[in-house]
Amino acid sequence: MKKVVVSLCLSLLFFAAQAQNTEKTRKLPAVDVKTLDGKVFNTSQLSNNGKPVIISFWATWCKPCITELINISDVYEDWQKETGVKLVAVSIDDVRNAAKVGPLVNGKAWTYDVYLDQNQDLKRALNVNNVPHTFLLNGNGEIVWQHNAYAEGDEKRLFELVKKVSAGEAISH
């Protein structure tokens, strides 16, 4: 009986490790979203020539989301020069609020690629429960890190991770 329990525990540990490895190298799902000018864009087309990508889920009604994107915007050009990172902001605003996204983005002069996930298909595919929710993808398009919520200064930690990913280093969760 003891051997069966030990064997079962080892099997569970193995499958847990496999699930964790799968999580670490999970690819971005292929989902249709819209550009600000209403064109359909499939997320499978998202690439950054082997450089890291940050995907930030946000909404116009989410103050921490806007604060995070403003704070990153202030240093984004430097981040790009140093690492080549690309930030993609995905709005989860529904059809009623989607008209507010473009004016807000233009008013803040954000240079990010901004997509609308009005039906929340991408949000569901990535198990995003609330915003802000940020993902970091490596140069192969694999999700290597994610974070939910925002506190002042979180962008500094994010950039440290971007630098590691840009250098080809593994990051710990």
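A short reminder: the numbers here are calculations on the coordinates, not readings from a lab. Treat the numbers as computed from the prediction; the structure is a model and nothing was measured. In this analysis, Cβ positions are derived from the backbone assuming ideal geometry, glycine residues included, and neighbour counts consider all displayed protein chains.
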Tell me whether segment 52-100 comes out rounded, prolate or oblate; compute the Cα gyration tensor, take square roots of the eigenvalues as a ≥ b ≥ c, and use a/c under 1.5 as the rounded threshold. prolate
In nm, to one decimal, how far is the modelled label at residue 32 from the one at residue 99, with both set 7 Å along Cα→Cβ? 2.3
Could you give the nm distance between label points at residue 45 and residue 67, where each point is 7 Å from its Cα heading toward the beta carbon? 3.6
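From the C-alpha gyration tensor of segment 56-173, pull out the three semi-axes of the equivalent ellipsoid (sqrt of 5λ each), sorted largest to smallest, in whole Å. Mind showing how you got there, number by number?
Working: eigenvalues 107, 54, 31 Å².
Here the semi-axes work out to 23, 16, 12 Å.
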Counting other Cβ atoms within 10 Å of each Cβ, which trypsin sites (Lys or Arg not before Pro) in segment 62-132 have at most 12 and sit in a DSSP loop? 96
To the nearest 0.05, what FRET efficiency results for residue 81 and residue 151 with a Förster distance of 35 Å applied to their C-beta separation? 0.85
